[in-house]
Amino acid sequence: GKRTKDFKVNIGETFTNNKRNLTIIDRKMLPDSKGKLRKMYNYSCHICNWQDGWIDEGHLLNGVGCSCCAKSIIIPHKNDLYTTNPELIKYFKNIEDTHKTTTCNKKKFLMVCPNCGNEQLYSTDKLANGGFSCKKCGDGISYGEKFLYSLLQSLKINFVTQLSHTTFKWCESYKYDFYIPYINTIVEVHGRQHYDDTSSEMYKYDIDNDIAKETLSKENGINNYIVIDCRKSELSYIKNSIIKSELLNVLGTCDKEINWLECDKFTSKSFIVEACEYKNNHPELSTSDIGKVFHMSRTTIQKYLQKGAMLGICIYDKEFEKKYRTKEARIKYYSHIA
C-alpha cells in the first residue's frame, strides 16, 4: 500500500483470471504522453499469443488485460476486422480499411449496401453488433431476427412474425417476434439493449416490458416462451445461444440438421428487396398472398412494396390494387406498365 519507485511485479510472474492470462517478460521505466516516467511491463498473452504489449503497473495490478484481446489497439493480421470477421469485409468500399479497424471501433468508414449498392458512412462496432442497415433499402430488421427467420424457414416450419392483437386480441399493444402455431410457442429475439447498460432508464423499461409480455402470454395459454440471446450479431454467438435454449428441443430437431452458414448469409438480405423481387416475378399476387409466403402481414408487405416502387426496384400501385382485386386485373395492369 506504499508508494515506491521499485517494480512491484517480477519478470516471469503470471496473471490469470476469466479475462486475462498474461506472463511478464520484461519491465522498464518509460515516459507517458506527458513525459512522466512510469513503471511499464511487457507481457506475453497466452490467449492471443501477442508479445508486443506494454501495460502500466497500476493497470496491471488493477486487473487490466491484454490490449490486443480487448481490441483497444489495432494489430494488423491479429485483431483487425479483416482477420477476425472476414464475413464483414463485403460491406467496405475500400478493403484496406478493414486492416485499420476492429469490431469495437466507433470510427465510421465508407460502406456499400450489398443489395442496392448505396454508399454510406457506418461504424464498425455498429456493423459487428447490429448488422448493416442501409438508409436506402434497409428493412430495420435485426441480424438476430433474420437469422431465426432463416432457421425456421429452412426447417419448413409455419410461423408468424410480429404477432400482435390482429392475431390474438390478448396481445393488446404488445408485439412478439415469432409465433409457431403448431407447438403454440413464442420466440423472442433479444438484442444488446436487453443486457447492456443496466443502470439506464431504457434498460429498466425494457426489462419491465419483457416481464409483462411473458406474463401476459403465459396467462393466455402459450405453451413455451423462449428467449434467444442475440446481443452479438455473430454466427457463432447466436448459434450457441439457440443451442443453449430450449428451441431446438421444442422443435424436435438438432443442430446438425441446420445449415448455420446459410442462416448467416440470409441476414445480409433486405426483406424490402426480397419482397419486391417476388412481386416482380409474381405480379398477379396480392400483398396478402405475398405476406403468406414471407410470414408477414399484408400491411408490412404493402409498406415494403411502396418503398421498393419509390426506389425503382419494383412496380407496385397501391391505389390500383385497392380498387381491382383480381389476379387477371393485376396481370393485365402490370404487364401494360412494364
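Descriptive notes on the structure:
- Reported count of residues in the range 306-319, each being in a helix (DSSP H, G or I), of a type in the set (A, V, I, L, M) and farther than 14 Å from Tyr333 by Cβ, is 2.
- Hits in the range 213-231 - residues which are of a type in the set (A, V, I, L, M) and either farther than 15 Å from Leu251 by Cβ or part of a helix (DSSP H, G or I) (or both): Leu216, Ile222, Val227
- Residue check, Glu246 of a type in the set (D, E, K, R), out of contact with any helix residue (DSSP H, G or I) (no Cβ under 8 Å at 6 or more places or on another chain) and on the phi < 0 side of the Ramachandran plot: yes
- Within the range 282-303, residues that are touching a residue at least 60 places away in the same chain (Cβ under 8 Å) sit with their Cβ atoms under 6 Å from residues that are not aliphatic (A, V, I, L, M), at 6+ positions apart or across chains, in these pairs: His295/Phe159; His295/Thr161; Met296/Thr161; Ser297/Gly291.
- Filter result (acidic (Asp, Glu) and either surrounded by 12 or more Cβ atoms within 10 Å (Cβ to Cβ) or over 19 Å from Ser142 (Cβ atoms) (or both)) within the range 159-196: Glu172, Asp177, Glu188
- Evaluation of Glu188 against (1) acidic (Asp, Glu); (2) free of Cβ contacts under 8 Å to residues at least 40 places away in the same chain; (3) part of a strand (DSSP E or B) (one fails), failing number: (2)
- Residues (in contact with a strand residue (DSSP E or B) (Cβ under 6 Å, 6 or more places away or on another chain), more than 20 Å from Thr4 (Cα to Cα) and either among the aliphatic types (A, V, I, L, M) or open to solvent by 50 Å² or more (accessible area, probe 1.4 Å) (or both)) located in the range 17-53: Leu22, Ile25, His46, Ile47, Gln51
- Put simply, of Cys137, Cys116 the only residue that is part of a loop (DSSP other than H, G, I, E, B), out of contact with any Lys or Arg (no Cβ under 6 Å at 6 or more places or on another chain) and modelled with pLDDT under 90 is Cys137.
- Residues that are closer than 16 Å to Glu219 by Cα and either more than 27 Å from the chain's Cα centre (by Cα) or not polar (S, T, N, Q) (or both), drawn from the range 164-174: His165, Phe168, Lys169, Trp170, Cys171, Glu172, Tyr174
- Extreme residue, most open to solvent (accessible area, probe 1.4 Å), among residues of the range 244-301 that are among the acidic types (Asp, Glu) and in a loop (DSSP other than H, G, I, E, B): Glu246
- The one condition in (1) at pLDDT below 95; (2) open to solvent by 30 Å² or more (accessible area, probe 1.4 Å) that Asp206 fails to fulfil: (2)
- For the range 61-107, the set of residues classified as β-branched (Val, Ile, Thr), open to solvent by 40 Å² or more (accessible area, probe 1.4 Å) and either more than 26 Å from Ser268 (Cβ to Cβ) or free of Cβ contacts under 8 Å to residues at least 12 places away in the same chain (or both) consists of Val64, Ile73, Thr83, listed by residue number.
- Only one of Ile222, Ile211 that is open to solvent by 90 Å² or more (accessible area, probe 1.4 Å), closer than 30 Å to Lys169 by Cβ and either among the aliphatic types (A, V, I, L, M) or at pLDDT 95 or above (or both): Ile211
- Residue in the range 259-270 that is without any contact (Cβ under 8 Å) to a residue 40 or more places away in the chain, over 30 Å from Leu81 (Cβ atoms) and in contact with a Leu (Cβ under 9 Å, 6 or more places away or on another chain) present: no
- Residue within the range 120-129 that is assigned to a loop (DSSP other than H, G, I, E, B) and among the polar types (S, T, N, Q) present: no
- Residue, surrounded by the most Cβ atoms within 10 Å (Cβ to Cβ), within the range 310-327, restricted to residues that are over 11 Å from Pro283 (Cβ atoms) and in contact (Cβ under 8 Å) with a residue 24 or more places away in the chain: Ile313
- Enumeration of residues in the range 108-134 that are in contact (Cβ under 8 Å) with a residue 60 or more places away in the chain, open to solvent by 40 Å² or more (accessible area, probe 1.4 Å) and more than 24 Å from Ala70 (Cα to Cα): Pro114, Asn115, Cys116
- Taking the listed residues Val160, Val112, Val187, the one that is under 17 Å from the mean Cα position of the chain (by Cα) and aliphatic (A, V, I, L, M) is Val187, with no other qualifying.
The values are calculated or read from the model by the stated rules, or taken from the named source; none is laboratory data. Not measured: the values here are computed from a predicted model. A quick note on method: Cβ atoms are made from the backbone with ideal geometry, for glycine too, and the neighbour counts reach across all protein chains shown. Please note that ligands, DNA and RNA were not included when accessible areas were found on the heavy atoms of the full protein model with its side chains. Shrake-Rupley method; radii C 1.70, N 1.55, O 1.52, S 1.80 Å.
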